[in-house]
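Data block below; observations after.
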Amino acid sequence: MSTDDLPVAERFERWLEHVSRTVAPVRATCDDRARFRAVVDVMDLGAVHLSTQAVSACRGRRTAAMIRQSDPEMFHLLVNTYGHSAIEQNGRRAVLRPSDLVLYHTSRPFHFETGLNPTENSRGLMLTFPGTLLPIAHRKVEQLAATAFSGREGIGSLLSGFLLTLSRSTQSYGQADLGRLGTVLTDLITAFLAHQLDEVTTISEEAGRQSMLLRIYAYIQAHLADPALSPAGIAAAHHMSLRTLHRLFESEEDTVAGRIRAWRLDRCRRDLLDPALAGRPIRATALRWGFRDVTGFSRAFRATYGLNPKDYRQRHR
């Protein structure tokens, strides 16, 4: 998303709409709308999203009333890479210098400032992830909200450096790479937060379970196109019994087979919406993502999205 090609009078409002739609609803003001500029790029790393942001000076807030109306229940971890910015939440205010990190949550009111004077722009890297992704209790992670942490040394430097590397080479990664990088990043986030909470020794068992789940998810994403992908094959690839694999998924929303089917359907849906693939037959799309039975694919697609694949493609042209 970039405001550069928009009329000057629309830039700030369009950026605010983008933030409210993709992050959480907020209210914001800008003292110099005529010079306002924003550029935001997003990497989808599975359960984690990484956005690169450059924003002119502005300030805003998320109120309790907004939270009651809409709450994605997400954590945001910001690495401030240029300029100064600030976050207030839970009675604390963090003022960020370049390379500082700060955490906040969409379920609590917060106030933000990008650029601490009218002529200062700020740039940053924003991680967005659900609290359920972490093997640390939500209430404990919230204790870290609106606290500035250094990204110039120790594990903060490791995390911020990894994010900078990712953001500078976004075109170098394939879909399978993104899944694996999401797994690595989740482990880094966990290690960073655990370090701040001094809880490294108390999360190892749950962290191990989460880490294994994420590795399995990355494996599934990397092999979705293989029609032979199955729970038994996944278990064998990870040196565990089929029973252990199913037990690992007991706390997840889907079974192993259900997760494979859901991701395959989503990949097919994306291909059907891609103008560059408008000429590809629906049968070829189904086979491309591992469906052996095209009739079964059409039934599953309709059950999930409310239309058969042909009608879905035509509806969204």
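Under the condition of being outside any helix (DSSP H, G or I) and within 26 Å of the chain's Cα centre (by Cα), which residue from the stretch 222-245 is farthest from THR285 (Cα to Cα)? This residue is HIS238. Taking the stretch 1-27 as the range and being in contact (Cβ under 8 Å) with a residue 60 or more places away in the chain and small (Gly, Ala, Ser) as the test, only ALA24 passes.
Residue-by-condition table, conditions (1) under 22 Å from GLY46 (Cβ atoms); (2) crowded, with 17+ Cβ neighbours inside 10 Å:
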{"position": "LEU245", "(1), (2)": "yes, yes"}
{"position": "LEU265", "(1), (2)": "yes, yes"}
{"position": "CYS268", "(1), (2)": "yes, yes"}
{"position": "ASP271", "(1), (2)": "yes, yes"}
{"position": "LEU277", "(1), (2)": "no, no"}
{"position": "ARG280", "(1), (2)": "no, no"}
{"position": "LEU307", "(1), (2)": "no, no"}
{"position": "TYR312", "(1), (2)": "no, yes"}
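Scanning the stretch 103-119 for residues that are of a type in the set (Gly, Ala, Ser) and within 22 Å of the chain's Cα centre (by Cα) returns a single hit, SER107.
Within the stretch 116-160, the set of residues being over 28 Å from SER251 (Cβ atoms), in contact (Cβ under 8 Å) with a residue 60 or more places away in the chain and touching a helix residue (DSSP H, G or I) at 6+ places or on another chain (Cβ under 7 Å) comprises LEU125, GLY151. As a summary of the residue check, GLU88 satisfies the conditions (1) at pLDDT 95 or above; (2) of a type in the set (D, E, K, R); (3) touching a Gly at 6+ places or on another chain (Cβ under 9 Å) except for the one numbered (3).
Quick check on the stretch 95-123: of everything there that is outside any loop (DSSP other than H, G, I, E, B) and touching a Cys at 6+ places or on another chain (Cβ under 9 Å), which residue is farthest from GLY60 (Cα to Cα)? Checked the stretch 95-123; the qualifying residue farthest from GLY60 (Cα to Cα) is THR114.
Could you tell me whether the stretch 59-69 includes any residue that is modelled with pLDDT under 95, surrounded by fewer than 21 Cβ atoms within 10 Å (Cβ to Cβ) and in contact with a Gly (Cβ under 6 Å, 6 or more places away or on another chain)? No, the conditions are met nowhere in the stretch 59-69. Of all residues in the stretch 161-180, those satisfying the criterion of being in contact (Cβ under 8 Å) with a residue 40 or more places away in the chain and under 12 Å from GLN221 (Cα atoms) are GLN175, ALA176, LEU178, GLY179, ARG180.
Scanning the stretch 23-36 for residues that are touching a helix residue (DSSP H, G or I) at 6+ places or on another chain (Cβ under 8 Å) and under 24 Å from TYR104 (Cα atoms) returns ALA24, PRO25, VAL26, ARG27, ALA28, CYS30. Summed over the stretch 64-85, residues that are under 24 Å from LEU185 (Cα atoms) and either outside the structural domain of THR106 (by TED's automatic domain parsing) or aliphatic (A, V, I, L, M) (or both) total 4.
For the stretch 65-80, a tally of residues being of a type outside the set (D, E, K, R), out of contact with any strand residue (DSSP E or B) (no Cβ under 8 Å at 6 or more places or on another chain) and in contact (Cβ under 8 Å) with a residue 24 or more places away in the chain returns 4.
The values are calculated or read from the model by the stated rules, or taken from the named source; none is laboratory data. Given the structure is predicted, the values throughout are model-derived calculations rather than measurements. Neighbour counts run over all protein chains shown; Cβ positions are idealised from the backbone, glycine included.
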